[in-house]
Structure formats: structure tokens, C-alpha cells
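As C-alpha cells, the structure follows; a few thoughts come after it.
The values are calculated or read from the model by the stated rules, or taken from the named source; none is laboratory data. Computed from a predicted structure; not experimentally measured. Note that we place each Cβ from the backbone using ideal geometry, even for glycine, and neighbour counts take in every protein chain shown.
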Amino acid sequence: MTMISQEMQDRIRSVKERIEKLIEQGHLEEAKAAIEKFEKNMPGDQDICSMLAVIHLLEGDADKAEKVLLDGLEKDSVHFDLLYNLAYIHEQRGQLREAMNLYCKADTVADASQKANAREAIERLRLADSSVEPADKDRIVFFVRQGMDNFLGDIIRGLSEDYFVRKMIVSDFSQIDKGMEWADICWFEWCDELVIYGSSLPLARVKKIICRLHWYEVFTGYPGKVTWENVDKLVIVTRHLEDIIRTNWPDIPDRVEITVIENGVDIGRYAFKERSKGFNLAMVGYIHSRKNPVLALQVMKKLVDIDKRYKLYVAGTFQEQPVQMYWDYQVRRMGLDGNVIFEGWQKDISSWLEDKNYLISASIHESFGYAIAEAMARGIKPVIHDFLHADEIWPEEYLFNTVDEAVGAILSDDYDSHRYRDFIVKNYPLEKQLDKTRKLVNDLLLKTKQYSNFSPYSSGYIDRFDFSDAAVSIGKKELISPCYQSVSFILKNCTGKRLVITDIVHNRRNNSLELPEYIRTSKYCGNIVRYCREILSDPGISFNEHGIAGFVYDDQLAEDIKRNRSAYIWERGIPATEFMPDAAFSNILDKYRFASGYISDNFSVLEAASGFGYGAAYLSGRPGCVKITALDISEENIRFGKSCYDFDNIEWIQGDVTKLPLNSSTYDIYTSFETMEHLPVDLVGAYFSEALRVLKNGGKMILSTPNKKARAHINNPYHIKEYTFEELDEILRSYFDSIEYYSCMSDIRHGVDESAPGFIAVCRK
């Protein structure tokens, strides 16, 4: 991607500074002349656009300023000055809500020097009208290369009301880093080098990423270089693209979820006109070999031989010089100079289509064909080459395979403008595309946590819990995004029994609650909702810099935490508390889901060190698990776990993993996650010897531990020693002959990836 030289950047900056100075001094005519000169050489600069708007404002013409700003935002929707100045116009008109939304959007894209102005304006509006609150919206960034954003305009405009939206025309990969850091949802418009880079970043593991694949990319090498495990959705515009993906890249459907969202047309932009047979054909779009343009010329040759009044009007640009040269040659050779009119790229395609009777598309392939849909929306008859899978998109009656079939369709008396438009209205309206896109975005925003399939509770277990004197003892709120937060808490009743409530999501925008099934189907659902509402209404619960708002209502528990804080954090923390962030909990849960796949009929399982027992509780409910022993060195942990998960098939035992108080050859599975690194080095041997002793022949020890090499910059004071893969492998080979390794990335992957934060080893006795 080309970059502007430093010399040129300095020159541009100097010109802009001069124009700004002229405006400040009141030399408006001179400033406008300088702007006009600048735009001749460098059109579309948004700083200049903003300056011109300021001049119009100073001249007292707010309407003209508004038009300039809106035109500028069409090209750059995240330019601070454009947003700020447009907000100012709305403020002066008394349109405070519109002004607030624009000031808020300006604030999200402001640099350090601009934020003060945005925040001051927001506060000014709040004081002026207390009912006008700052917008609280999730953030979406669209990444696209210069000139490749043709299909994004309608989507961005459609989503801008519900979300803060940025479009980044990427000329430097560092823009992707900044954009991903800002956004909740990262949308890569093409499957190209941008998503290859973005999906490989560490941020990609925690951000929600959408990639839209159009068509041509599947035939390049790009899809094979994307880290699909870090992409949440691959969006395609027609179902047949999935078949092509499966043929060319058979591993991709197993690595990323594919969603079909058909393209949509803004019907209102294309005024309907009832038409009839005529002599004007239209051809629209970028012209290259895939568009098969000479086939259109062959159709024209036959039409002109029948009637010289037929004309082909072309709106577009050539992308391949050999194709343009061949086109010009064929036009001359066929004697079509007066019948083929090349009119170049058209900004207002709807107006250009006004006098056209037919739209011809000769492509050998289209993922969709916007030009076809736009023409049909205006009532124009389509004549479409029967490309592969065309019949899945367009009615058979509009398709042709030979020149004669195309000519026959044009000469036919069958012409019905209403039918053409009605097909688009029914099948490809823009609102249908936007509805599916909004649902996709909202689903991803809510998918930050994946607890719902983890909870060991059933609705029946909750129904047996005594709520009569239960109270919230500890809990947290945690921001998922600006508009969503998770709510988790632990109830305790007078008998000492506890209930761990997780996976409630609060929509801050409309104050609604999303409940997991185990709560929703319980007869005590209403009780739990009331506890949740009480937490949400507590003004004393405030968020820290990590977006977590923890609280402890139980004085005894608060004292214990104060005394022994290290027992409550991270992997040894209690779910539903600030000591167990959602991201950390989700990572640990992945390991238990993984281990559950090894449980078979009539298996006995040992979970050590079990911590507060949520992992043992989860495994206890897996099909085939007849008994599980939850063992931990902390008596308090065992008591706490038993009070939360008093299940019939769990045995709770206090004990040391290096001196197990258990019979030999008892267990089919021994799980032990994030334990080894806490042990003194001289006790590691005893840890594995004891595991071998209590496992049955053929039994498996499933353990996880951090990867020292990938965590060189992290100092965890509670880890006595972390291990590289080589060190881990050397130790395990001393005790087990059969070992299978997995890497803990955004998911758990078979094999060893030395960049992974941690490893899982499945060791067979």
C-alpha cells in the first residue's frame, strides 16, 4: 500500500496551516481561493472540507455548511472536526439530541488534544437539558482498502443509529491495531491481507471479528493465511459461496462459523418507472475479464444488425488494460462505434438509468450483482448470462446462455416493470440485510461469555434450594461492552447452602435481562430476577479500571477475603465474584469442557486441586460420570464447594496432591488444571507419582500449565515455577509413555504451538 512521502506531508500541512490562519484573520475569500486550488490537486481531503464548512458558518450559511460536512462524512465517517462541527450546527438549531449523539461520536474518535472539547460540549448539553443524556452505544469498526468500500455505504448508514461506527480506509497496518483496540466488533470487508493481519493480533483473541467474503478472494491464497480460530463469523452473500469454500478450502468451515446474509438494495433510492420495450441497453460496473464484456458486444452486434437504433451505454471503468484494448478493437471490428457509448463511472447511477430499457450482465460469475438489482428496482428488464449458480439468485426467465437467447429476451414482447421491481422488494430489500446484520452483531456482543453450557445446575436443583431466607452474599457486574454487562452473584441461606448464579446479561440500553435456560425454566426465576434487579439498582457498586464492579455483602466472607486474599483470585477464585473475571473463567471452563470429552460409561474421576469445586461440579453432571472426588488442600475451599454444589455423586476431601489420601488404582480420569506451577520443584515428582498410583491401568491424567516462553513478561507471584514445553515434556516422559499435547489459544488446539499461553497434556498410564 502506497504511502505519502514525508516531504509531501510537510507541504500539505503547511498549506492547511496557511488556510487556517487566513480563516482566523477573517480573509475568507482568500481562504476559499486557496481551498479551491488545494482541491484541484488533492480532492477529498476532510480537513479542507471542515475548513470550508467553517467558512460557510462564519458567512452565516449553516445550511451550506451542513451540506459540506455531510458530504465529507460520506467519505470519512470518523473525522473529528466534521462530527464536531456538524454537532455544533445541530446545537445552534436547538436539536440537542442530534447534537449529543454527534458530540459523543466525536468523543469516541478524538485524540488526546480533542477530547476536552468534545467532553465540554457533552457536559454543556447535559446542563442545558438533563433529559439529553450521552449516547451509550457499542462500537463497530469497518476495515477496508482504498476504493474497495463500494458495498459498505448502506450497511454503515443502517447501523449508525444503533452503534458508534467507524470506517477505516487502511493504508497502514497500524490503523488496524488502533481500530481494533477502539471497537467491540471488528468488521473486515474483504478476505484479504487486512484480515490476515488483524486475525493474527493478540487482540483478535478477545475482540469479536467478522469477515465478509465476496467471491474473488476464495480463488486467491488469502483464505489460507487467515487465523480463522480468531474470527467469529465468516459472512457470505449467497449460499453457493459456501460450496466453493468447501471445495477450495475444506478446513475453513470447521474453523469458523459461516453465515449467509444476502445483499440488499435501498429501494427508496431507485424511483420506479414503468417502462416498455425500447432500444437502450445498460452495462454497469468495473470491467475486467470476469465480466466477460465481449459477450455483451456480440449481443449488440446481432441487435444492431436487426435494428441500428439499439445502443449499449456503459457506466464503469476498465480494470485491465488488455481487456480495454480488446474491447476497443472489437467495437471497431464489429462496426459498433456509434452504438456503444462508454460514459465512465457514474456517481448517481439511479439517474443514469432513467432512459434505459434493459440491463445486460455478461459475467462468468457474480457473488450477487448489485447493478442487476438496482436496475430491476427501477423497473428495467434484466438480461443475465447464466453464470454458475445464477439460478440460485435470479429467476430462470432472466438468464441466457447463448447470444441468440439474449437477443430473443430483448426482442420479446414480455416486458413487465412491476414484476422486476417486485422481485427485488420481496427478495433483496436493504432492511432485510440490515436486520440480519444487526442480529449478527447483537449475537456476537452477547457471546462474550459462554457460561450457559457450563453451569452444573439444573432448574430442578434450583427448585430444591431454600429461598425463604436467602440473601446475596457476594457478586459482581462486569462490562461486556458499553451497552451490555454480565451480572453474577452467590446466594446464601440460613442452613449455609449457597447458589452460584452466573450468565445473566443486562442490556443497559433498554434495561432488559437475558437469562440462561437453567434460570429461565426454574420456578424461582422471579426470585433470582429480583436479586439481580436489586444489585443493578445499588448505587454503591462502582466499576474499576477493568470494567468490573465487585461487592461483598457478607461481613464474615469479607473478613476472610481480607485475611486470605490470595485464595480467592484467578484460577482459584470463586465464580460470580470480582476475583474471577469473565475472561479468566471462560478460559478455565474451556479446559473442563475439553476434559469432559474423555469421560465414558461408569467412570470415576478425581479433580485435584479442585479449588472451590465448580470444575468438579461441572464434570459430575457429564454422562458416564458415576463418581467424582473433589480434592483440595484448603479445608475452607472444600467447605465452600460442598455448600455450593451438594450433588450426590461428588465426594469432597481435603488433601495434598503430593500425598493423596486415596486408594490405588481407583480412578479412570484425573484432572488437575493450573496446579503444577504452584508446587515446589522438589514435590513435582511426588505429584506425578501419586497420580500414577491412584489411576487405573489405561487411566488418563489431564493437566494444564502455563507456557513459560509465552509469558516471559508476566510475573505471577503465586506461581513457584512455570515451565517451557521442553521442560514439561522432559518431566512427563519420566512418568508416562503415552502423552498427547494440546495448545490453549483462543480455543484448545491439538499439537504444540510455542506461542500459546498454556498447554494441556493428556497422559495415559
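Which residues, taken from segment 259-280, are closer than 18 Å to residue 427 by Cβ and either among the acidic types (Asp, Glu) or assigned to a helix (DSSP H, G or I) (or both)? Hits for segment 259-280 are 262, 266, 267, 268, 269.
Taken over segment 303-323, the residue count meeting the criterion of being farther than 20 Å from residue 345 by Cα and crowded, with 17+ Cβ neighbours inside 10 Å is 3. Residues in segment 725-747 that are surrounded by 15 or more Cβ atoms within 10 Å (Cβ to Cβ) and in a loop (DSSP other than H, G, I, E, B): 735, 736, 745, 746. If you go through segment 75-91 and keep only what is in contact with a helix residue (DSSP H, G or I) (Cβ under 7 Å, 6 or more places away or on another chain) and in a helix (DSSP H, G or I), you end up with 75, 80, 81, 82, 83, 84, 85, 86, 87, 89, 90, 91. Condition first: in contact (Cβ under 8 Å) with a residue 12 or more places away in the chain and under 25 Å from residue 237 (Cα atoms). Can you find one or more residues in segment 320-335 that meet it? No, there is no match, as no residue in segment 320-335 is in contact (Cβ under 8 Å) with a residue 12 or more places away in the chain and under 25 Å from residue 237 (Cα atoms).
Taking residue 747 as the residue in question, decide whether it is outside the structural domain of residue 256 (by TED's automatic domain parsing), acidic (Asp, Glu) and in contact (Cβ under 8 Å) with a residue 40 or more places away in the chain. Considered against the rule, which asks whether it is outside the structural domain of residue 256 (by TED's automatic domain parsing), acidic (Asp, Glu) and in contact (Cβ under 8 Å) with a residue 40 or more places away in the chain, residue 747 comes out as yes.
Residue 523 meets the conditions (1) touching a residue at least 60 places away in the same chain (Cβ under 8 Å); (2) surrounded by 14 or more Cβ atoms within 10 Å (Cβ to Cβ); (3) more than 27 Å from residue 624 (Cβ to Cβ) in every case but one. The failed one is (2). Annotation note: Cβ proximity below 6 Å between a residue of segment 684-706 that is closer than 30 Å to residue 745 by Cβ and part of a strand (DSSP E or B) and a residue that is at pLDDT 95 or above and of a type in the set (Asp, Glu) (sequence gap 6+ or interchain) occurs for 699/668.
Go through the residues of segment 392-408 one by one and say whether even a single one is under 21 Å from residue 315 (Cβ atoms), at pLDDT 95 or above and in a helix (DSSP H, G or I). The answer is yes, given that some residue of segment 392-408 is under 21 Å from residue 315 (Cβ atoms), at pLDDT 95 or above and in a helix (DSSP H, G or I).
For segment 621-644, the set of residues classified as farther than 25 Å from residue 676 by Cβ and in a loop (DSSP other than H, G, I, E, B) consists of 621, 623, 624, listed by residue number.
Here residue 589 meets the list (1) among the aliphatic types (A, V, I, L, M); (2) more than 36 Å from the chain's Cα centre (by Cα); (3) assigned to a helix (DSSP H, G or I) almost entirely, failing just condition (2). Of the residues making up segment 228-250, those that are out of contact with any Lys or Arg (no Cβ under 7 Å at 6 or more places or on another chain), at pLDDT 90 or above and not in a helix (DSSP H, G or I) are 231, 233, 234, 236, 249, 250.
When each of 368, 423 is tested for being out of contact with any helix residue (DSSP H, G or I) (no Cβ under 7 Å at 6 or more places or on another chain) and either polar (S, T, N, Q) or surrounded by 14 or more Cβ atoms within 10 Å (Cβ to Cβ) (or both), the lone residue that passes is 368. Residues 384, 364: which one is under 23 Å from residue 295 (Cα atoms) and assigned to a loop (DSSP other than H, G, I, E, B)? The match here is 364.
Can you give me the number of residues within segment 367-381 that are more than 32 Å from the chain's Cα centre (by Cα) and in a loop (DSSP other than H, G, I, E, B)? Going through segment 367-381 one residue at a time, the tally reaches 3.
Taken as a whole, segment 335-347 holds at least one residue that is in contact with a strand residue (DSSP E or B) (Cβ under 6 Å, 6 or more places away or on another chain), assigned to a loop (DSSP other than H, G, I, E, B), farther than 20 Å from residue 278 by Cβ and of a type outside the set (S, T, N, Q). Apart from one condition, residue 132 fits all of (1) within 18 Å of residue 184 (Cβ to Cβ); (2) assigned to a loop (DSSP other than H, G, I, E, B); the exception is (1). Each residue in segment 652-683 was checked for being in a strand (DSSP E or B) and closer than 22 Å to residue 573 by Cα, and 8 of them qualify. Scan segment 655-704 for residues that are over 22 Å from residue 620 (Cα atoms) and among the hydroxyl-bearing types (Ser, Thr, Tyr) and jot them down. Those that are over 22 Å from residue 620 (Cα atoms) and among the hydroxyl-bearing types (Ser, Thr, Tyr): 658, 687, 689.
A quick yes/no check of all residues on (1) surrounded by fewer than 21 Cβ atoms within 10 Å (Cβ to Cβ); (2) over 25 Å from residue 157 (Cβ atoms); (3) out of contact with any strand residue (DSSP E or B) (no Cβ under 6 Å at 6 or more places or on another chain):
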residue	(1), (2), (3)
20	yes, yes, yes
24	yes, yes, yes
27	yes, yes, yes
43	yes, no, yes
53	no, no, yes
61	yes, yes, yes
65	no, no, yes
74	yes, no, yes
83	no, no, yes
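Residues of segment 648-675 that are touching a residue at least 40 places away in the same chain (Cβ under 8 Å) and touching a Phe, Trp or Tyr at 6+ places or on another chain (Cβ under 7 Å): 657, 668, 669. Quick check: anything in segment 662-677 farther than 25 Å from residue 741 by Cβ and not hydroxyl-bearing (Ser, Thr, Tyr)? Yes, that holds for at least one residue. When residues in segment 636-654 are screened for being more than 16 Å from residue 618 (Cβ to Cβ) and either among the hydroxyl-bearing types (Ser, Thr, Tyr) or surrounded by fewer than 18 Cβ atoms within 10 Å (Cβ to Cβ) (or both), 5 of them pass.
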